[in-house]
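Trainee: One structure is given below, represented as structure tokens, and several questions about it will come after.
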Amino acid sequence: MDPSEIPQRVGPGKESCPNPETEWHSPTSISMSKVLNDDDLLIEILLRLGFPTTLVYAALVCKRWCHLASDCKFLSHFRKLHPPSLLGFYLDDIMAPSMSARFVPVLPQPPELTIVSCRAASFSLGTSQGHVIKCWNGRLFTLHSDKSGFTAAVHSPLCPEGGMVIVPKFILEQNTYGTIIPKEEGDGFSYIFMRVVSNNETTQPMVLVDILQNGDGVWRRYLSLATDQLSLIRWDVRHVLIDDKIYIPSALHNIVVLDLTTSSISTIQLPQGVEYGDRRVVLPHSDGASGMYLIQVKELQVCIWLHKGNNWLPVDTICLRAMCATLMMPGCEVEDEDAPTSIRINQLWVSAEFLFLEMGRCTLHLDVKCRALRKVYEKSKSDESFGHIHPFMMIWPPKFPALKDDPARFALPI
């Protein structure tokens with residue numbers, strides 16, 4: 001949230017922190033001043049605000065509060081306690097080019113996020129602007145194709161005044177697997193364009209990686225590598241980028257790891273008894289701090305695995321049968337205990353915090369930590385498919401007011 005949008009409760013004149021020496025010394029004001037003038041206690045209070053929007057309100061009180069709220073160490077602690085909230089998701093179907101992506105809010109939303117939720121809902125994306133390929137940190141990445149190639153663009157639904165950023169065009173040859181991966185760096189993004197070329201001119205499939213550095217205007221070749229390990233890439237399971245390694249699903253039960261740092265390729269096998277099929281096994285996005293996760297849905301059971309070192313470790317198992325039964329909604333019924341139930345994963349998020357599942361005509365949101373399942377969308381009869389779900393999260397870090405004495409430190413990027 002931009003502080004300029006917050007209603008001002010006082011006049012435009014110079015404002016300072018409350019001074020207990022010049023105010024009436026009631027027992028309440030004395031106790032309050034002891035708390036508010038103690039940085040350690042004030043930090044504990046700020047940590048309990050819960051939302052970055054509220055944190056910006058607090059930073060407007062005075063310069064001291066702004067210094068405390070925008071401190072990097074404090075923000076790191078705040079984020080661990082209060083991860084960015086899920087505002088909703090963009091629903092897009094690449095198989096229906098005449099339909100534009102639409103935003104579906106996940107309700108109810110807390111009052112503190114009302115403004116940003118309304119802004120995300122009011123943002124529209126025309127069919128001429130392409131399809132959504134990813135949402136990340138309050139931004140929307142779209143891909144549009146024409147005869148001259150592919151054009152990617154970055155939209156900021158929560159800050160539309162910033163306009164749209166166009167990524168330089170790139171070419172994707174026929175019969176070629178290709179993907180563009182945005183990578184957040186500082187106050188902007190770099191982009192990785194990876195493609196696997198296999199044709200009569202090459203004896204082995206070639207992996208080509210081009211990189212567009214943040215602030216650069218030209219794609220540059222980063223590596224070119226011949227390999228047989230990427231001849232069976234799966235199109236139905238999405239790759240992930242974790243710590244400069246691209247994890248690419250392949251064959252029935254392999255994950256090919258392309259290490260951009262060492263320019264090498266290795267293979268990880270899925271856990272024993274697990275194989276890909278009909279969007280029942282996926283790799284979630286991850287911050288890389290804890291490792292790589294894998295999610296499997298088998299009938300009405302969700303299994304979460306973590307790959308660390310050279311081993312797969314079972315992290316959690318969640319039974320959905322009782323949760324689905326309590327929904328009591330058409331298209332989400334579990335009629336027969338012995339009958340196989342069709343359920344697929346549409347999307348999930350960092351470290352498998354939540355999942356979007358498809359069951360019947362319904363899209364369900366599963367909060368892994370709270371073990372809560374709820375319906376967030378129901379497909380109409382005219383819908384041919386669910387399309388792809390792209391979770392849209394609250395921006396982090398928040399944008400604090402720029403102070404005159406130190407503008408660079410406090411003008412944090414959106």
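Derivation of every value follows stated rules applied to the coordinates shown; laboratory data play no part. What you are looking at is a predicted structure, and each value in this text was computed from that prediction instead of being measured. Cβ placement follows ideal geometry from the backbone for every residue including glycine, while neighbour counts extend to all protein chains displayed.
Trainee: Please report how far the C-alpha centroid of segment 202-217 lies from that of segment 240-280, rounded to the nearest whole angstrom.
Mentor: Result: 19 Å between the Cα centres.
Trainee: Longer than 21 Å from Cα to Cα, which of K134/K308; K147/K169; K63/K399; K169/K399 are they? Say none if no pair is.
Mentor: Correct reply: K134/K308; K169/K399.
Trainee: Can you tell me the Rg and the Dmax, both Å, for the Cα atoms in segment 246-314?
Mentor: According to the Cα coordinates of segment 246-314, Rg and Dmax are 12.1, 40 Å.
Trainee: Among the GluC sites (Glu not before Pro) within segment 160-206, which fall in a DSSP loop and have no more than 15 other Cβ atoms within 10 Å of their own Cβ?
Mentor: Taking segment 160-206 and a limit of 15 other Cβ atoms within 10 Å, the loop GluC sites (Glu not before Pro) found are E173, E201.
Trainee: Now for a different question. Could you put D210, D40, D71 in order, starting from the residue whose Cβ has the fewest other Cβ atoms within 10 Å?
Mentor: So the residues, fewest neighbours to most, are D40, D71, D210.
Trainee: Measure of size requested: the Rg and Dmax of segment 164-298, with Cα atoms as the atom set and Å as the unit; please supply both.
Mentor: Cα only, segment 164-298: 15.4, 46 Å (Rg, Dmax).
Trainee: Using only the alpha carbon atoms of segment 119-231, find the Kirkwood hydrodynamic radius as the inverse mean reciprocal pair distance, in angstroms to one decimal.
Mentor: It is 15.4 Å.
Trainee: Over the alpha carbons of segment 176-252, what is the largest minus smallest coordinate on each principal axis, giving the biggest first in Å?
Mentor: For segment 176-252, the Cα spread along each principal axis is 40, 27, 17 Å.
Trainee: Shifting gears a bit: Plugging the Kirkwood radius over Cα pairs into Stokes-Einstein for segment 207-259, at a temperature of 4 °C and a viscosity of 1.567 mPa s, what D comes out in µm²/s?
Mentor: 104
Trainee: Related question: Calculate the spin-label point distance for M164 paired with Q109, positioning each point 7 Å from the Cα along the beta-carbon direction, and give it in nanometres.
Mentor: Those two pseudo-labels are separated by 2.2 nm.
Trainee: Here's a follow-up. List the equivalent ellipsoid semi-axes of segment 54-165 in whole Å, largest first, each obtained as the square root of 5λ for an eigenvalue λ of the Cα gyration tensor.
Mentor: 33, 16, 12
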